[in-house]
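For reference, the structure is listed below as structure tokens.
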Amino acid sequence: MDGTDGAGEAHDDGHSAGDVAQRADAARPRGPDPGPTPDGNGNGNGGGEGHDTALLDALFAQAPVGLYLLDQDLRLVRHNAAARSTGPRPDGGADPGTAGRRAGDFALGFDDAELETLARQALDDGDWIREHLIRGRAPGEPCRDMIGAVSFFPVVSDTGRRYLVAAIEDVTEQQLALERLDILHTAHRRLGASLDAIGSAQELADVAVPRFADIATVDLLDEPLRGLPPRVGPVDPASPLRRAAYRAVHAPGRPAAGPGPIPHGELSSYGAPTPYSQVLDDGRARLVRGLHGDEDWLAADPVRGRRLTGLGVHSMIVAPLLAHDTVLGVLALYRNRRPDPFEQADLDLAVELASRGALSIDKARSYARERTIATTLQRQLLPREPAELSAVETAQVYLPGAVGPGGDWYDIVPLSAARVGLAVGSITGTGIEAAALMGQLRTALRTLAVQDLAPDELLVRLDEVARVLTNEQRGGLPPGADRLPDGLASCLYLVYDPIARTCTAASAGHPAPVLVGPDGAPLPFDVEPAWPLGWGDCCYETTTAELDEGCVLALYTEGLMSGRARHPDGDGTPDGPGARRAVLERVLARPGEEHLPDLCDRVVYALLPERQREDAVLLLARTRALPDERVAVWTLPDDPAVVRTARRLAEHQLAAWELGELEFATEMIVSELVTNAIRYGEPPIRLRLIHDRGLICEVSDSSASTPHMRRARSTDEGGRGLFIIGHLAQRWGTRFGRHGKTIWAQQDLTPTDDSPREIDGVESHEP
């Protein structure tokens, strides 16, 4: 063959192309007899050697990958034409002098030591090395990365001489494409896991650096960060953007992420016209391949331009963070350490990363907006600051969870006879739906509480309401959706009586309250929790405790016990609910002069030193006692004549309390209540006056019949008693006990100029 082409050229070691072909032919793997050769005699002779040599020459000439034949000293014996492009020669052409070069020298641009190590390993061990990836620089293009797939396999000639065949293929484009796909896959896996816009922005920067860029910054418009709907249309380049994320590749020994030129969280604006302003204006990404420092647009933003040139940035990509065709911010990627500039394929990847990051940030924005709405709704549905009560002094705190409001709530309900109802509960679920359900359930509880129901009876009725709400929710579930939990909510309800100084409580799946005495010592108050509300067919038990004046009751939700409780030694070790209750008792063990709002803060500091995921509610109540001189009680005989006596008793008591301005209305109320008890009730009959923040008149009897107000006709002789009471008193109602009922009426202590003598034409009368 002609020795001038790349397939059969002569080499410096004195081996002709034919000799090399013969050795390669003799060294080829021996297998089963391939059958008759072209000469037809079937014995492998008769010209087969010449054909095999020609085939070997054709293989070296036509192989699409670079082929090299190395001797046992790892010196180059032969190479093909494709090897010239895969392993460039020093002068960029086919240098005949490459024959005899060592394994680490023949493929320039790659690590010599790595190539020689791999070749020696394959030759000594006799093992194949397939498609080992090596990285280098393209000779003549030091700014371009080159990736080669190297394969080594040994061959042995008939004479026992060992050779090594090396194949090198340029897989730079394929590997870069795979790396881009892997970066995109990482972005799809990592982005969106956070429901925080700042966290999502930082995740985007972390995905880009260091695998794709040397520096990454994310700047966001302020509205999305605050949960507000983003502005539609072009963004004014002068609009301030907040630095949400920064990450950079630093020199060895320095952290991989730092504060960046612009402090985290600071506002800044871009100059115009610059790639940044153009991106904000039309929402199209920009690629700047070469940044030399003399570009005109750098003068439009000199401060940022000096930063870029000072960092040695030579290539950059600016991509908009687009979500539903709305710009949320800007992703900027820079290269200053790696010499190869960004390519068009890198721009496409940056756009994909920015799109994925924008969706994650927009999801966080939507969540922040929904959380803001739900939290606002929750706070609006919680009770306002209650009026001053004679029964208890109260303080409360509501802390929404990091994942959104979960429907935790409390309530303080003034009741008849100067009593007070205290409630705390938690709704299953989070978000706007939980807040709405909380409002419905709290309204139902307050409606039932003002009916003066006992705690166990109230929870039975509330359980029926919860079952109705649960069925409504279940009916609205889409096909195939998971079923709702059996319990809709938990609730603890207790009633404190400042006259009897007793507290009665019942629980529907809620933790018992913590009770601390006036001296700071914890007291037992074991309220057994039954099934949660919505379970159905539940029977609730009441627990009653006698409380001294100055006791502190702590009602809370489970979210308060989900943090890291601090022990007296301050180590902050997480413990179980029992230990956290002990911490709560310790914090509440303060003198009676301690302000309850300060105690609330102390409890939060002790039990929630970090941001909690769940809602947390704490309601503190310090008990008070109504003095005995503020209560007057008389037992009356079952005789109509005693009505006059009852009025005189009330008149004298009002004079003692200096409430003469209420004398007329009170006499009429007492007259009607006592008359009704004598006519329709059963003895014994008891009259009680309570001087609280209002004047309360109560008449009790042993009958369980329920009185009803009605408007009497002009011809009726009776039926006007409750109608008169309803006009004279600000509030009135009926309270049932174990042995009868009590009808009560409450008047405000505000004096009136003229006490009415006639109500809708009905004059007061004596029986």
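The values are calculated or read from the model by the stated rules, or taken from the named source; none is laboratory data. The structure presented is a predicted model; accordingly, all values stated were derived computationally and were not measured. A quick note on method: Cβ atoms are made from the backbone with ideal geometry, for glycine too, and the neighbour counts reach across all protein chains shown. Accessible surface areas use protein heavy atoms only, side chains included; no ligands, DNA or RNA. Shrake-Rupley method; radii C 1.70, N 1.55, O 1.52, S 1.80 Å.
Quick check on this structure: which one of LEU695, LEU662 is crowded, with 22+ Cβ neighbours inside 10 Å, under 58 Å from the mean Cα position of the chain (by Cα) and not in a strand (DSSP E or B)?
Exactly one of LEU695, LEU662 is crowded, with 22+ Cβ neighbours inside 10 Å, under 58 Å from the mean Cα position of the chain (by Cα) and not in a strand (DSSP E or B), namely LEU662.
Given the conditions (1) touching a residue at least 24 places away in the same chain (Cβ under 8 Å); (2) within 20 Å of THR326 (Cα to Cα), report the number of the one that ALA208 does not fulfil.
Exception for ALA208: condition (2).
If you go through region 328-350 one residue at a time, how many are at pLDDT 90 or above, open to solvent by 10 Å² or more (accessible area, probe 1.4 Å) and among the small types (Gly, Ala, Ser)?
Matching residues across region 328-350 total 0.
Out of the residues in region 730-759 that are in a loop (DSSP other than H, G, I, E, B) and surrounded by 10 or more Cβ atoms within 10 Å (Cβ to Cβ), which is modelled with the highest pLDDT?
Per the criteria, the residue is GLN730.
Here's a check for you: in region 112-143, which residue that is open to solvent by 80 Å² or more (accessible area, probe 1.4 Å), within 51 Å of the chain's Cα centre (by Cα) and among the acidic types (Asp, Glu) is modelled with the lowest pLDDT?
GLU141
Quick test for you: out of GLU651, GLU614, GLU667, pick the one residue that is under 30 Å from GLY726 (Cβ atoms), open to solvent by 50 Å² or more (accessible area, probe 1.4 Å) and acidic (Asp, Glu).
Answer to the selection: GLU651.
Within region 45-68, track down each residue that is in contact with a helix residue (DSSP H, G or I) (Cβ under 7 Å, 6 or more places away or on another chain) and either assigned to a strand (DSSP E or B) or at pLDDT 70 or above (or both).
ASP57, ALA63, PRO64, VAL65, GLY66, LEU67, TYR68
Considering (1) under 29 Å from GLU472 (Cα atoms); (2) part of a loop (DSSP other than H, G, I, E, B), say which one LEU377 fails and leave the rest.
The failed condition is (2).
Would you say GLU629 is assigned to a helix (DSSP H, G or I), touching a Leu at 6+ places or on another chain (Cβ under 9 Å) and at pLDDT below 95?
no
I'd like to know if region 404-421 contains one or more residues that are touching a helix residue (DSSP H, G or I) at 6+ places or on another chain (Cβ under 6 Å) and without any contact (Cβ under 8 Å) to a residue 24 or more places away in the chain.
no
Name every residue in region 328-341 that is in a strand (DSSP E or B) and charged (D, E, K, R), in order of residue number.
Selection gives ARG335 alone.
Would you be able to say whether some residue in region 386-395 is more than 30 Å from LEU626 (Cα to Cα), assigned to a strand (DSSP E or B) and over 22 Å from the mean Cα position of the chain (by Cα)?
Taking every residue of region 386-395 in turn, none turns out to be more than 30 Å from LEU626 (Cα to Cα), assigned to a strand (DSSP E or B) and over 22 Å from the mean Cα position of the chain (by Cα).
How about region 299-327: which of its residues are more than 38 Å from the chain's Cα centre (by Cα), surrounded by 17 or more Cβ atoms within 10 Å (Cβ to Cβ) and not in a helix (DSSP H, G or I)?
HIS314, the sole residue that qualifies.
Of the residues ALA500, ALA512, which is open to solvent by 10 Å² or more (accessible area, probe 1.4 Å), part of a loop (DSSP other than H, G, I, E, B) and under 27 Å from THR443 (Cα atoms)?
Sole residue among the options that is open to solvent by 10 Å² or more (accessible area, probe 1.4 Å), part of a loop (DSSP other than H, G, I, E, B) and under 27 Å from THR443 (Cα atoms): ALA512.
So LEU353 ticks every box in (1) of a type outside the set (Val, Ile, Thr); (2) part of a helix (DSSP H, G or I); (3) within 29 Å of VAL603 (Cβ to Cβ); (4) open to solvent by less than 60 Å² (accessible area, probe 1.4 Å) but one. Which box is left unticked?
(3)
Modelled with pLDDT of 90 or more, over 18 Å from GLN747 (Cβ atoms) and in contact with a Leu (Cβ under 6 Å, 6 or more places away or on another chain): does that describe VAL617?
No: the conditions fail for VAL617.
Please enumerate the residues belonging to region 455-490 that are loosely packed, with under 14 Cβ neighbours inside 10 Å and at pLDDT below 70.
ARG474, GLY475, GLY476, LEU477, PRO478, PRO479, GLY480, ALA481, ASP482, ARG483, PRO485, ASP486, listed by residue number.
Select from region 620-648 the residues that are open to solvent by 50 Å² or more (accessible area, probe 1.4 Å) and either polar (S, T, N, Q) or farther than 30 Å from LEU547 by Cβ (or both) and list them in ascending order.
If the condition is that a residue be open to solvent by 50 Å² or more (accessible area, probe 1.4 Å) and either polar (S, T, N, Q) or farther than 30 Å from LEU547 by Cβ (or both), then THR635, PRO637, ASP638, ASP639, PRO640, ALA641, ARG644, THR645, ARG648 are the ones that fit.
I'd like to verify a number: residues in region 396-438 that are assigned to a strand (DSSP E or B), β-branched (Val, Ile, Thr) and touching a Leu at 6+ places or on another chain (Cβ under 7 Å), how many?
So the answer is 5.
Looking only at region 672-693, count how many residues are closer than 20 Å to ARG630 by Cβ and modelled with pLDDT of 90 or more.
Number satisfying all stated conditions: 8.
Condition check: modelled with pLDDT under 90 and open to solvent by 10 Å² or more (accessible area, probe 1.4 Å). Does ALA285 satisfy that?
Answer is no for this residue.
Restricting attention to region 712-722, does a residue exist that is at pLDDT 90 or above, surrounded by 13 or more Cβ atoms within 10 Å (Cβ to Cβ) and within 30 Å of GLU388 (Cα to Cα)?
no
Out of the residues in region 196-211 that are more than 25 Å from ARG613 (Cα to Cα) and out of contact with any strand residue (DSSP E or B) (no Cβ under 7 Å at 6 or more places or on another chain), state the one that is surrounded by the fewest Cβ atoms within 10 Å (Cβ to Cβ).
So the residue we want is ARG211.
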